[in-house]
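Enquirer: Can you read through this structure? Questions will come right after.
The values are calculated or read from the model by the stated rules, or taken from the named source; none is laboratory data. Please read these numbers as outputs of a predicted model, since none were measured by experiment. Cβ sites come from the backbone with ideal geometry, for glycine too, and all protein chains shown count toward neighbours. Ligands, DNA and RNA are stripped out before the accessible areas are found, and what is left, the full protein with its side chains, is counted by its heavy atoms. Shrake-Rupley method; radii C 1.70, N 1.55, O 1.52, S 1.80 Å.
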Amino acid sequence: MMKKGTQLYEGKAKKVYLTDDPDVLIVDYKDDATAFNGEKKGTIVGKGAINNRMSNYLFKQLEKEGIPTHLIEELSDRETAVKKVSIVPLEVIVRNVAAGSFSKRLGVPEGTEFTEPTIEFSYKNDELGDPLINDYFARALNLASWAEIETIKKYALKINEVLKEFFLAAELRLIDFKIEFGRYHGTIILADEISPDTCRLWDVHTNEKMDKDRFRRDLGNVEEAYQEVMKRIGLL
Ligand code: ADP
Ligand code: UDP
């Protein structure tokens, strides 16, 4: 079994370790939760294990649909071996329904359904607070090539189609989500995670929020919501 080496990085939600294989990292999911660029801090008990299992499960489904991902192997409750990529410093956000910063910035009521999905890019830079940019800005900052940007957009929309259908079968509406991509030996692959930390999921019948907004907005029953999503997708 793959062994953890030196810690490479500790982020807000995960720790990342080197291994004896230069192409492989081990990510270790924490229960720590942050919001508003780290201003709000807390713990969601059991979140690390849930996000690890859910993200790996979703990445497996996406692989089956032709999306290359960093997933190698789940090692334990909280630990997964992944392909070490060079992260493209873009937060790629796909939205099906207006919510969060989109609603705030543009004055569109939360819950307004779009006629087609939309893609948004933020520059992944904590000091600047992950500012909203467009693809021309991504080029100006030399964050990715045009070919990479096109690949990222194509994958992002395909991921949305797969996940939308998948969550709908679990009676959840996929409102929006954030993904990250990386370069692995010259090709773009899906990295980081997909979980209730990075998605908005609303109950199809009641529109009850079943994701990190429960933590961000102090709605209570945060742990219960994460567990309920796991149950509905058959992982608990
Ligand atoms: P943050 O950095 O936003 O606090 P996390 O706590 O989730 O986020 O930390 C995980 C870090 O690891 C992120 O910076 C993410 O971009 C990076 N990462 C995710 N997957 C990979 C990978 N396969 N290879 C290299 N880095 C990765
Ligand atoms: N998101 C994320 N990490 C971030 C910012 C956003 O995972 O640093 C996710 C968030 O959970 C939501 C989607 O991206 O599913 C869109 O978030 P939005 O831009 O509306 O920002 P927020 O309201 O979370 O500040």
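Enquirer: Could you go through segment 139-156 in sequence order and give the Karplus-derived ³J(HN,Hα) for each residue, using 6.51 cos²θ - 1.76 cosθ + 1.60 with θ = phi - 60°, rounded to whole Hz, and x for Gly and Pro?
Expert: 5, 4, 8, 6, 7, 6, 7, 4, 4, 5, 4, 5, 4, 4, 5, 4, 4, 4
Enquirer: Note down the relative contact order for segment 120-171 as a percent, whole number, built from C-alpha pairs under 8 angstrom at least six residues apart.
Expert: 19 percent
Enquirer: Separate question: Taking 7 Å along the Cα-to-C-beta vector as the label spot, tell me the residue 141-residue 63 distance in nanometres, rounded to one decimal.
Expert: Placing both labels 7 Å along Cα→Cβ, they lie 3.1 nm apart.
Enquirer: For a label point 7 angstrom out from the Cα of residue 187 toward its Cβ, which stretches of segment 58-82 have the backbone nitrogen within less than 14 Å?
Expert: Inside the label zone: 63-71.
Enquirer: Still on this model: Please sort 29-36, 103-110 by packing, taking for each peptide the average over its residues of neighbouring beta carbons within 10 angstrom, highest first.
Expert: Order by mean packing, descending: 29-36, 103-110.
Enquirer: Which far-off residues, 5 or more places away or on another chain, put their amide H under 5 Å from the one on residue 208, with H placed in the peptide plane?
Expert: When sequence neighbours closer than 5 places are left aside, the close amide H contacts are 203.
Enquirer: Could you give the distance between the Cα centres of segment 1-77 and segment 119-133, to the whole Å?
Expert: A separation of 21 Å, based on Cα centres.
Enquirer: So if we plug the beta-carbon distance of residue 18 and residue 235 into 1/(1 + (r/R0)^6) with R0 = 25 Å, what FRET efficiency do we get, rounded to 0.05?
Expert: Between residue 18 and residue 235 the formula returns 0.30.
Enquirer: Kindly provide the GluC sites (Glu not before Pro) of segment 36-72 that DSSP labels as loop, not H, G, I, E or B, and whose Cβ sees at most 11 other Cβ atoms within 10 Å.
Expert: 39
Enquirer: HN-Hα J couplings of segment 196-205 from phi, Karplus 6.51/-1.76/1.60, θ = phi - 60°, integer Hz, Gly and Pro as x?
Expert: Result, rounded to whole Hz: x, 6, 10, 10, 9, 10, 10, 4, 5, 8.
Enquirer: Cα gyration tensor of the chain, axes a ≥ b ≥ c as square roots of the eigenvalues: rounded (a/c below 1.5), prolate (a/b > b/c) or oblate?
Expert: It comes out rounded by the Cα gyration axes.
Enquirer: For a label point 7 Å from the Cα of residue 224 along Cα→C-beta, name the residues of segment 105-146 whose backbone N is under 19 Å from it.
Expert: No residue passes the distance filter.
Enquirer: Take a quick pass over segment 145-229 and tell me how many lysine pairs come in under 18 angstrom between Cα atoms, counting only ones 8 or more apart or on separate chains.
Expert: So the count of such lysine pairs works out to 10.
Enquirer: Residues of segment 78-106 with backbone nitrogen within less than 14 Å of a virtual label 7 Å along the Cα-to-Cβ line of residue 125, please, listed as ranges.
Expert: Inside the label zone: 89-91.
Enquirer: Dipole magnitude of segment 1-125 about its Cα centre, charges +1 at Lys/Arg Cβ and -1 at Asp/Glu Cβ only, in debye to the nearest 20?
Expert: Here the size comes out at about 340 debye.
Enquirer: A further question on this structure: List, in order, the whole-Hz ³J(HN,Hα) value for each residue of segment 174-182 obtained from phi through the Karplus relation with A = 6.51, B = -1.76, C = 1.60 and θ = phi - 60°; use x for Gly and Pro.
Expert: Taking θ as phi minus 60°, the curve returns 7, 7, 7, 6, 10, 10, 10, 10, x Hz for segment 174-182.
Enquirer: Also, I was wondering about something else. Can you give me the accessible area per residue for the chain, using a 1.4 Å probe, in Å²?
Expert: 48 Å²
Enquirer: Counting only protein heavy atoms and using a 1.4 Å probe, what share of the accessible area of segment 140-179 belongs to carbon plus sulfur, as a whole percent?
Expert: Carbon-and-sulfur percentage of accessible area, whole number: 57.
Enquirer: By a straight-distance test (C-alpha under 12 Å), which aspartates and glutamates pair with residue 124 as possible cross-link partners, with residues fewer than eight away in the same chain excluded?
Expert: In chain and number order, the partners are 91, 180.
Enquirer: Related question: Counting only other residues whose beta carbon sits under 11 Å from that of residue 33, what net charge do I get with K and R as +1, D and E as -1?
Expert: Summing Lys/Arg as +1 and Asp/Glu as -1 gives +4.
Enquirer: Within segment 21-108, count lysine pairs with alpha carbon atoms under 26 angstrom apart where the residues are 8 or more positions apart or belong to different chains.
Expert: 16
Enquirer: Here's a follow-up. Amide H to amide H, which residues 5 or more places from residue 33 or on other chains are under 5 Å from it, using H placed in the peptide plane?
Expert: Placed amide hydrogens put 42, 43, 44 under 5 Å from residue 33.
Enquirer: Separate question: Does segment 1-60 classify as rounded, prolate or oblate by the C-alpha gyration tensor (a ≥ b ≥ c root eigenvalues; a/c under 1.5 gives rounded; else a/b over b/c gives prolate, otherwise oblate)?
Expert: Because a/c hits 1.5 or more and a/b fails to exceed b/c, segment 1-60 counts as oblate.
Enquirer: Now for a separate question. Under the definition of Cα pairs under 8 Å and six or more residues apart, what whole-number percent is the relative contact order of the chain?
Expert: This gives 18 percent for the chain.
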